Amino acid sequence: MTDTLTKPDAASQSFPDEHGRFGRFGGQYAPETLMPALQELEQAWIDAQADPAFHDEIARLAAEYVGRPTPLYEAERLSNEIGGARIFLKREDLAHTGAHKINNAIGQALLAKRMGKKRIIAETGAGQHGVASATVCALLGLDCIVYMGDLDIERQKPNVFRMKLLGAEVRPVTNGSRTLKDAINEAIRDWVTNVESTFYLFGTAAGMHPYPLIVRDLQTVIGREARQQIQERLGALPTAVMAAVGGGSNAIGIFHPFAGDANVQLIGIEAGGHGIEPGSHAATIVAGREGILHGSRSIVLQDDDGQVIETHSISAGLDYPGVGPEHAWLHDTGRASYVPITDAEALGGFIALCRTEGIIPALESSHAVAYAMQWAADRSKDDIVLVNLSGRGDKDLETVARELGVTL
Amino acid sequence: MTATKSSTNAIADAFAAAAAENRAALMPYLTAGYPTAERFAELLEALVAAGANLVEVGIPFSDPLADGATVQHTSQIALEQGMTLQKAFDLIREFRRRGGSVPIVFMGYTNPFFQYGLDRLAAEAVDAGVDGFIIPDLPLEESEEFAVPLRERGRDLIFLVSPTSTDARIEGVAKKATGFIYCVSLTGVTGARDRLWEGIGAYMQRIRAHTDLPLAIGFGISTPQHVAQAASMADGVIVASAMLNAIAAAPESEQVAVATSFISAMKTATYRNGQQD
């Protein structure tokens, strides 16, 4: 069976270029102090990629520790309820720590070890990347400091406690909008100060080159597995692949191996929040314009003066005014499209998946589920939608209870 | 090596004038619109009267990732009061109209400049009287897009080097730099410090080997002793957070007087060999 599978297209593998650019997006708008470290990091990544032992170690941990490959699951009851296209879920929620973030954290932490860096810093929004980082640092015996906006600390308490249990220090960030954007600023300031000793374990496929490249390369395991699994199951590729987009790591991870399959639609789902007014959503590609944030030229939610504006989403992991440069490029070239899903719609997706499939999804992933339900309703059983179920929803129970008016 | 390609020459002239007095040029930093637009204008004139040779004017940005707590705070206050890049240009235009002649260098992050439009930025800089730009998130590799329109209008794009810069990177900066080179004094973000980094002498020699351009030391310069030490190894000294902290701590009615005495003390320390006219 395997030999009849088509291979992912090689042409789409050649970006970014040597300047870290995806078309005009990406690059390194970084303080000079970090430039030598970014170049060292890029070289270390290239060297690691060429070392079979590095790949073997990632593969071993993926199989024995993370539980890969994660299953591909057909959500038949959900599909039947909607009565349209067949919905398949890539079950990243079943990965150790409960989300796709572990794929990236393991790869970068092993890279840090290769580089001889023992102090790891990370930023986190929903806490999933923070938990993944704390987990891997416990596993590999590395020091871990996680920057987290104090607003996010408030709404993701279980993950904060998890990180502390795992031995990480969680540093609250109280400036700016007190969310992911500001946690990244603070982590960058730490890195600028401690660059010789410290590895910045960046959580999403955004920021300064080479992070969009490294994170994407480590997350494409999702799409490679899913592409093979769905072909083995159906003997065909899906009609559409969908994923939630905050910074964009789970989406690029599942999109990238399908980028060369011209007939497969790639659809990113952004956080529409309360609606389209500035400040009430985090739909960066839908409503933003070209700009430079956190060292990368991409699309940014900003005012006319280039000040980054505050965002809102029910899900902390999507509450970010930027997006990875590869998504800006996929949007610009028309290869992928991006649509908003509101808080209320995401909550609908969350509940539907709970009730029909017995799966409690993360609120981030619920955005993709909600859009897949809308999309599937207008289609027939011949259409296949593959959804990246990027994380599980245990961390969100308090938020969902509050939205539903339930006191825990 | 060409000494300077600054076509306005205002920045080069300011360093040369200080050098002729055997001292380092003194370059204080103010955040545009802090504590208010009106008080900023008063402070700017007061600093010049107290002996500033150039003034660095910070353009507030929502995400100042190379700045420590002080400049984060002043930027936020300025933004809350509606400061913009255009209003900062207008403040400098008014400073020039009232006879202010020292070079003004804007320090700000890429995005507000990028959104303003780089050709428009260069043209407005000429019109308002802004001589150069320091952009801490614009390394050599990304600089050409910004440098070209500024160069065409005779504005200097000021490059930064840092203690982590390799010799090859310093050489690359030296080839492209005009005006002066901003030598970041430490590995870290802006903000007041207790002492200067012990490696700073060798670091400055390493930079000097690659360029004849004026070298200015900034980040963490907080006391007259720091200024004296920096003046012994550089052509210019930049003072920011320590002065802003002093201004912030003073009652509103005394802010101008506090800034004046702060800069006067710093100016005395810029003279080498303890000389002063």
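The values are calculated or read from the model by the stated rules, or taken from the named source; none is laboratory data. Keep in mind it's a predicted model, so treat the numbers as computed, not measured. Cβ atoms come from the backbone with ideal geometry, glycine included; neighbour counts cover every protein chain shown. Just the protein is used for accessible areas: all its heavy atoms, side chains included, with ligands, DNA and RNA removed. Shrake-Rupley method; radii C 1.70, N 1.55, O 1.52, S 1.80 Å.
Observations, loosely collected:
- Residue match in the stretch B:115-128 (condition: open to solvent by 20 Å² or more (accessible area, probe 1.4 Å), touching a residue at least 12 places away in the same chain (Cβ under 8 Å), out of contact with any Lys or Arg (no Cβ under 6 Å at 6 or more places or on another chain) and within 10 Å of chain A (Cβ to nearest Cβ)): yes
- Scope the stretch B:30-62; condition of a type outside the set (A, V, I, L, M, F, W, C) and either on the phi > 0 side of the Ramachandran plot or buried (at least 24 other Cβ atoms within 10 Å of the Cβ) (or both); matching residues: B:THR31, B:GLY33, B:TYR34, B:GLY51, B:ASN53, B:GLU56, B:GLY58, B:PRO60, B:SER62
- Test: residue in the stretch B:195-218 that is of a type in the set (Gly, Ala, Ser) and open to solvent by less than 10 Å² (accessible area, probe 1.4 Å): yes
- Counted residues, the stretch A:154-182 - those being away from every other protein chain (no Cβ under 14 Å) and buried (at least 19 other Cβ atoms within 10 Å of the Cβ): 9
- Selection within the stretch B:18-29 - among the hydrophobic types (A, V, I, L, M, F, W, C) and crowded, with 23+ Cβ neighbours inside 10 Å: B:ALA18, B:ALA24, B:ALA25, B:LEU26, B:MET27
- Matching residues, the stretch A:304-336, being assigned to a strand (DSSP E or B) and within 14 Å of chain B (Cβ to nearest Cβ): A:VAL308
Yes/no matrix, rows are residues, columns are (1) within 26 Å of B:GLY108 (Cβ to Cβ); (2) out of contact with any Cys (no Cβ under 7 Å at 6 or more places or on another chain); (3) within 14 Å of another protein chain (Cβ to nearest Cβ):
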position	(1), (2), (3)
B:LEU186	yes, yes, yes
B:THR190	yes, yes, yes
B:ASP194	no, yes, no
B:GLU198	no, yes, no
B:GLN205	no, yes, no
B:PRO214	yes, yes, no
B:SER222	yes, yes, no
B:GLN225	no, yes, no
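- Positions within the stretch B:67-77 being among the hydrophobic types (A, V, I, L, M, F, W, C) and open to solvent by less than 10 Å² (accessible area, probe 1.4 Å), in sequence order: B:VAL71
- Scanning the stretch B:227-249 for residues that are open to solvent by 10 Å² or more (accessible area, probe 1.4 Å) and of a type outside the set (S, T, N, Q) yields a total of 8.
- B:ALA269 being of a type in the set (A, V, I, L, M), more than 16 Å from B:TYR29 (Cβ to Cβ) and open to solvent by less than 50 Å² (accessible area, probe 1.4 Å): yes
- A count restricted to the stretch B:152-164 and to residues that are within 11 Å of another protein chain (Cβ to nearest Cβ), in contact (Cβ under 8 Å) with a residue 24 or more places away in the chain and in contact with an Asp or Glu (Cβ under 8 Å, 6 or more places away or on another chain) stands at 3.
- Scanning the stretch A:108-129 for residues that are surrounded by fewer than 22 Cβ atoms within 10 Å (Cβ to Cβ) and touching a Leu at 6+ places or on another chain (Cβ under 7 Å) yields A:LYS113, A:LYS118.
- Filtering the stretch A:164-183 to residues that are in a helix (DSSP H, G or I) and out of contact with any Phe, Trp or Tyr (no Cβ under 8 Å at 6 or more places or on another chain) leaves A:LYS164, A:LEU165, A:ASP182.
- Boolean, A:ASP47 is farther than 30 Å from A:ARG297 by Cα, in a helix (DSSP H, G or I) and not hydroxyl-bearing (Ser, Thr, Tyr): no
- Only one of the listed residues (A:PHE161, A:PHE88, A:PHE202) is aromatic (Phe, Trp, Tyr) and part of a loop (DSSP other than H, G, I, E, B). That residue is A:PHE202.
- When the stretch A:195-207 is filtered for residues that are surrounded by fewer than 24 Cβ atoms within 10 Å (Cβ to Cβ) and more than 8 Å from chain B (Cβ to nearest Cβ), the ones remaining, listed by number, are A:SER197, A:THR198.
- Within the stretch A:12-55, considering residues that are over 22 Å from A:PHE199 (Cα atoms) and hydroxyl-bearing (Ser, Thr, Tyr), the one surrounded by the most Cβ atoms within 10 Å (Cβ to Cβ): A:SER12
- Those residues of the stretch B:152-181 which are open to solvent by less than 20 Å² (accessible area, probe 1.4 Å), closer than 18 Å to B:PHE106 by Cβ and part of a loop (DSSP other than H, G, I, E, B), in sequence order: B:GLY154, B:ALA177, B:THR178, B:GLY179, B:PHE180
- Verdict on A:ALA53 being more than 30 Å from A:ILE153 (Cβ to Cβ) and either touching a residue at least 60 places away in the same chain (Cβ under 8 Å) or in contact with a strand residue (DSSP E or B) (Cβ under 6 Å, 6 or more places away or on another chain) (or both): no
- Within the stretch A:25-44, if we keep just the residues that are in contact with an Asp or Glu (Cβ under 8 Å, 6 or more places away or on another chain) and touching a residue at least 12 places away in the same chain (Cβ under 8 Å), the residue that is farthest from A:ARG335 (Cα to Cα) turns out to be A:PRO31.
- When B:VAL189 is tested against (1) within 16 Å of B:PRO103 (Cβ to Cβ); (2) of a type in the set (A, V, I, L, M); (3) in contact with a Gly (Cβ under 8 Å, 6 or more places away or on another chain), exactly one condition is not met: (1).
- Any hit, the stretch A:284-291, residues being in contact (Cβ under 8 Å) with a residue 12 or more places away in the chain, more than 14 Å from chain B (Cβ to nearest Cβ), in contact with a helix residue (DSSP H, G or I) (Cβ under 8 Å, 6 or more places away or on another chain) and closer than 30 Å to A:THR70 by Cβ: yes
- Subset of the stretch A:208-234 [of a type in the set (Gly, Ala, Ser) and open to solvent by 10 Å² or more (accessible area, probe 1.4 Å)]: none
Every residue, every condition in (1) outside any loop (DSSP other than H, G, I, E, B); (2) within 16 Å of the chain's Cα centre (by Cα), yes or no:
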site	(1), (2)
A:GLU225	yes, no
A:GLN229	yes, no
A:ARG233	yes, no
A:ILE252	yes, yes
A:PHE255	yes, yes
A:GLY260	no, no
A:GLY279	no, no
A:ILE292	yes, no
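- Per the listing A:VAL173, A:VAL136, the residue uniquely among the aliphatic types (A, V, I, L, M) and under 25 Å from A:LEU389 (Cβ atoms) is A:VAL136.
- Considering only residues in the stretch B:129-151 that are in contact with a Pro (Cβ under 8 Å, 6 or more places away or on another chain) and within 14 Å of chain A (Cβ to nearest Cβ), the one that is surrounded by the fewest Cβ atoms within 10 Å (Cβ to Cβ) turns out to be B:PRO136.
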